[in-house]
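Mind looking over this structure? Questions follow.
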Amino acid sequence: MSVAIMQPYFFPYLGYFQLVQAVDDFVFYDDVMFIKKGWINRNQILMQQKAFLFTIPLEKQSQNKSIRESTIAWGPEFPNKWLQQLQSAYKKAPQFIPVMDLIESVLQDKPTSIADLAATSVIKTWQYVGLEKRFHFSSQLGVSKDLERAERLMAITGHLGSNQYINAKNGQELYQKEYFAEQGFQLNFLNQSLPAYFQGGQNDFVQGLSMIDVLMWNSKEDIKNMLSTYSLI
């Protein structure tokens with residue numbers, strides 16, 4: 001049994017989904033503070049052979065609110081203009097129709113919180129590929145928010161019946177395996193791999209885009225293979 005805990009991002013990049021693949025239980029860390037200019041409500045797609053940054057507008061965006069408390073400003077800019085941008089960027093992609101159907105299914109309920117929209121984009125993508133996972137929200141687990149950062153991660157992991165916590169590779173700057181081991185937990189880090197794939201015949205592969213780009217250009221079986229191209233350290 002293993003657990004990963006990560007802020008919910010809207011159609012995050014492939015490496016995020018490799019972290020989902022690596023664990024038995026995945027927790028959306030939705031009751032921590034929203035970070036401006038991060039990847040919770042922003043991402044990149046391929047447009048005119050370059051990475052194009054898009055942003056989901058939020059109501060009264062503030063870093064004093066949690067991700068759960070950050071609300072979406074639904075309107076003409078989002079989703080209508082954004083959907084038009086997707087159509088322009090990917091109309092010739094082999095998986096355009098089913099992936100647009102997936103995206104519209106993520107948007108259809110127009111949730112208030114960016115936490116719900118972002119998490120739904122991950123959960124429905126996982127289902128689209130044909131995989132199963134146990135997903136949770138930290139706000140619904142009843143684990144105290146007053147704990148120190150590492151202690152809360154361990155508390156959530158233990159709450160889910162596990163003693164193995166897997167973090168993204170950049171977590172090595174924050175967490176020590178020895179400290180987790182002293183508390184009875186195994187800490188591993190995900191060493192992601194982002195393989196190149198066909199992006200419509202352009203000259204240079206653009207890495208690290210939203211999962212939307214991966215979905216548009218690849219079959220479900222190819223995506224399943226990509227999800228497993230990681231290692232644990």
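The values are calculated or read from the model by the stated rules, or taken from the named source; none is laboratory data. Bear in mind that the values here come from a model prediction, so they are computed numbers and not experimental data. We place every Cβ from the backbone using ideal geometry, glycine too, and count neighbours over all the protein chains shown.
In region 86-111, how many are surrounded by 14 or more Cβ atoms within 10 Å (Cβ to Cβ) and not small (G, A, S)?
12
Restricting to region 179-218, name every residue that is assigned to a helix (DSSP H, G or I) and more than 30 Å from E151 (Cα to Cα).
Passing the criteria: M211, I212, D213, V214, L215, M216, W217.
Can you tell me how many residues within region 192-201 are of a type in the set (A, V, I, L, M) and loosely packed, with under 15 Cβ neighbours inside 10 Å?
Number satisfying all stated conditions: 1.
Could you please find all residues in region 202-233 being farther than 16 Å from F10 by Cβ, charged (D, E, K, R) and either surrounded by 13 or more Cβ atoms within 10 Å (Cβ to Cβ) or at pLDDT below 95 (or both)?
D204, K220, D222, K224
Quick one: count up the residues across region 157-178 that are in a helix (DSSP H, G or I), surrounded by 13 or more Cβ atoms within 10 Å (Cβ to Cβ) and not basic (K, R).
5
Here is a list of conditions, (1) within 23 Å of K133 (Cβ to Cβ); (2) not aromatic (F, W, Y); (3) not in a strand (DSSP E or B), and K37 meets all of them except one; can you say which number that is?
All conditions pass for K37, except number (1).
Would you check if there is a residue in region 148-156 being surrounded by fewer than 13 Cβ atoms within 10 Å (Cβ to Cβ) and under 30 Å from P98 (Cα atoms)?
No, region 148-156 contains no residue that is surrounded by fewer than 13 Cβ atoms within 10 Å (Cβ to Cβ) and under 30 Å from P98 (Cα atoms).
Taking the condition surrounded by fewer than 13 Cβ atoms within 10 Å (Cβ to Cβ) and hydrophobic (A, V, I, L, M, F, W, C), does L53 pass?
So L53 fits the description; yes.
From the set of residues in region 122-147 that are part of a helix (DSSP H, G or I) and either hydrophobic (A, V, I, L, M, F, W, C) or closer than 15 Å to E69 by Cβ (or both), which is farthest from the chain's Cα centre (by Cα)?
It comes out as Q140.
Return yes when Q21 is in a helix (DSSP H, G or I), at pLDDT 95 or above, among the polar types (S, T, N, Q) and under 29 Å from L131 (Cα atoms) and no when it is not.
yes
Which one is surrounded by the fewest Cβ atoms within 10 Å (Cβ to Cβ), of the residues in region 59-84 that are assigned to a loop (DSSP other than H, G, I, E, B) and polar (S, T, N, Q)?
The residue in question is N64.
Please go through region 219-230 and pick out each residue that is closer than 15 Å to S193 by Cβ, more than 14 Å from the chain's Cα centre (by Cα) and either part of a loop (DSSP other than H, G, I, E, B) or in contact (Cβ under 8 Å) with a residue 24 or more places away in the chain (or both).
Within region 219-230, D222, I223, K224, M226, S228, T229, Y230 meet the criteria.
Table: residues versus (1) under 19 Å from the mean Cα position of the chain (by Cα); (2) farther than 21 Å from F198 by Cβ.
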| residue | (1), (2) |
| --- | --- |
| L53 | yes, yes |
| E59 | no, yes |
| S62 | no, yes |
| E77 | no, yes |
| Q84 | no, yes |
| Q87 | no, no |
| K92 | no, no |
| I103 | yes, no |
| T120 | yes, yes |
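Let me ask another. Go through region 46-58 and give me each residue that's in a loop (DSSP other than H, G, I, E, B) and either polar (S, T, N, Q) or at pLDDT below 95 (or both).
Q48, Q49
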